[in-house]
Structures are given as structure tokens and as C-alpha cells.
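Student: Dumping the structure here so I can ask a few things about it.
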Amino acid sequence: MNNGEEVDNKRLHSEMDDTEGNEKKHQGKKPKWSRFPIRSRAHRNPLNDESAADYPVCPSEVDWKAMYPQLQSTDKVEILDVGCAYGGLITSIAPVAPQTLILGAEIRARVSEFTQSRINQLREEKPEGHHYNNVWAIRLNAMKYLPNYFKKNQLQKIFFMFPDPHFKNRTFRRRIIQSTLIAEYAYILSPGGMIYTITDVQELGEWMQKHLDEHPLFDRVPEGELVSDPFIKYIQNSSEDGERTTKQGLNKYQAVYRKKVLH
Ligand SMILES: C[S@@+](CC[C@H](N)C(=O)[O-])C[C@H]1O[C@@H](n2cnc3c(N)ncnc32)[C@H](O)[C@@H]1O
């Protein structure tokens, strides 16, 4: 058991609680980026991706200071958004968890560059007085290179918001939630750390839940417990797909899991 890491997760939630006033201030005042002036192929094949030479060999080789200008030596990323696209979720939670380093991982290079420009602009404009120095996004194929960036037990939260559904049987192995990858997510998550999933595709929701339910290192967090989770409303509406599905009135299938604390 690692009490330190469990406490960290509680600290993170209380950070969100402490900033409730701050959070209210931000509601409905999120910077508007209704137009995304880039075109990028909607899909890349994550299994056919670039070579390992494009990535740092291990977490200590990553230039974190270049991403987070106010980084202190003990700071580390604690929240990861996999498939962050244009950064809707990460830029929404940055002001309400101001002491926490948040990273978005996006496989499409042009999209991650766009998200970086968005964050740089937020850093300049400081809407609502927040500095946005605690958030960044990188080009990263999360199906292959997460352990190059994150140490064992490092993260408190991983978000999978509206991942690509890959509908055809022959492309199921491209889905971001599956047994071998869940083992990798478990490795980089702290004991008590959480995985958040949401999709508007029922079949994919059932797939993600089945695979996470079956994994011995995770327990599903009961819906009742999520009522008091300060992050839950952000997974519903703050990413671009979250906004889109809300506007379209689509059903959303969410499930949250906690990594077991083994004694
Ligand atoms: C359907 S979009 C959802 C975007 C965002 N999460 C949202 O809720 O609006 C899925 C995103 O995941 C990205 N993606 C797909 N496979 C990925 C991978 N292996 N690693 C990182 N990003 C990936 C895609 O490029 C795309 O931007």
C-alpha cells in the first residue's frame, strides 16, 4: 500500500473543492474556440505509427521544463487526457486544479500543435486571472509510448473522452481501451488513481466497461460516489466531443474505475 499516493489523490480532489468559487467563476466563461482553423485527417492508424526514435527513451529524458514554465524540481504530471484533440477538457480543468500539472496526449501532430498554440494564447491572455502554466499538450501515440513519459505509480487520473470507436471487427485492436493497454495504464497510475471513460457510442461504452470490469487491478466506482467527484461534470461537457454530443442530445455512456490499493 502506498499511503502517500492515496493521499495525493485526496489532495487533488480537495484542490478542486477549495477552488469551488474559482470554478464557478469559470463556468460558462471558458474561452471560445468554436472554429478550429486547421484541417487534419480525422484518423491515424495508432498501430502503424512512427518509430520509437521520435520519442524520449524514458521519463527523466523528457524536457518537462519546456512544457511547464514554472516547474519546480519535485513537480510531476498527475493528470493525463488521452486523445485530447483541441484541449477542451485540459484547458477547462487547468484553472480549477491550479496546483496540478495536466498533460494532453494527441496522436495527430497538427492537432497537438494547434492545442499548444491555444494554450500559449491562454497563457498570454490569462482569462479569469489563471496563468495556464499547469497545462500542456504533446503529440504522443498513447497506445505505444506512455511509459517513455510516465513513471510507475505517477498519475492520479487518466481521461479517455469520446475515444475513436473503430467499429469494424478487424480494427478493434486499435481501440484505446483493451486488456494489454489497461495493464500499461495500471502501471503508470498510482494506487487509488482513477480512469475516466465516456462515449456516445453504446457499443464502445460496453466494450470499455467489459474490459475494465475484467481487469483484476481495477474496481468500478459506483455512480453514487461520482456525484461528489469534482471532475465528473467536466467529462460530460468540456471536451469538443462532449459539447457536440450535448448539443445533439446524444446519450453518453460513462464509467469510472479506481486502481486497487493492494495491501
Ligand atoms: C473522437 S476524438 C475525441 C477528442 C476529445 N477527447 C474530445 O472528447 O473531444 C479522439 C481523439 O483521439 C486521438 N487519438 C486516437 N488514437 C490516439 C492515440 N493512440 N494516442 C493519442 N491520441 C489518439 C485522435 O486523433 C482524436 O483527436
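Student: If you take the residues of segment 234-263 that are closer than 19 Å to Gln156 by Cα and exposed (fewer than 14 other Cβ atoms within 10 Å of the Cβ), which of them is modelled with the highest pLDDT?
Tutor: Selected residue: Leu262.
Student: Here is a further query. What is the number of the single condition among (1) closer than 28 Å to Lys76 by Cβ; (2) without any contact (Cβ under 8 Å) to a residue 40 or more places away in the chain that Asn169 does not meet?
Tutor: Here Asn169 clears every test but (1).
Student: Of all the residues that make up segment 84-126, how many are among the aliphatic types (A, V, I, L, M) and touching a Leu at 6+ places or on another chain (Cβ under 9 Å)?
Tutor: Counting residues in segment 84-126 that are among the aliphatic types (A, V, I, L, M) and touching a Leu at 6+ places or on another chain (Cβ under 9 Å) gives 8.
Student: For Ile177, work out the one condition from (1) under 16 Å from Tyr257 (Cβ atoms); (2) touching a residue at least 60 places away in the same chain (Cβ under 8 Å); (3) within 14 Å of the ligand (Cβ to nearest atom); (4) surrounded by 21 or more Cβ atoms within 10 Å (Cβ to Cβ) it doesn't fulfil.
Tutor: Evaluating Ile177 over (1) under 16 Å from Tyr257 (Cβ atoms); (2) touching a residue at least 60 places away in the same chain (Cβ under 8 Å); (3) within 14 Å of the ligand (Cβ to nearest atom); (4) surrounded by 21 or more Cβ atoms within 10 Å (Cβ to Cβ) leaves (2) as the failure.
Student: Scanning for something more than 15 Å from the ligand (Cβ to nearest atom) and touching an Asp or Glu at 6+ places or on another chain (Cβ under 6 Å), does segment 198-207 turn up at least one residue?
Tutor: No, the conditions are met nowhere in segment 198-207.
Student: Same structure again: Residue pairs, Cβ under 7 Å, 6 or more apart or interchain, first in segment 153-166 and modelled with pLDDT under 95, second away from the ligand (no atom under 12 Å from the Cβ). List them.
Tutor: If the second residue must be away from the ligand (no atom under 12 Å from the Cβ), the pairs left are His166/Phe172.
Student: Given the conditions (1) in contact with a Gly (Cβ under 9 Å, 6 or more places away or on another chain); (2) in a strand (DSSP E or B), report the number of the one that Pro191 does not fulfil.
Tutor: (1)
Student: All but one of (1) assigned to a loop (DSSP other than H, G, I, E, B); (2) small (Gly, Ala, Ser); (3) closer than 19 Å to Gly88 by Cβ hold for Ser228; which doesn't?
Tutor: (3)
The values are calculated or read from the model by the stated rules, or taken from the named source; none is laboratory data. These numbers were taken from a predicted model, which means no experiment stands behind them. Using ideal geometry, Cβ is built from the backbone for each residue, glycine included, and neighbour counts are taken over all protein chains shown.
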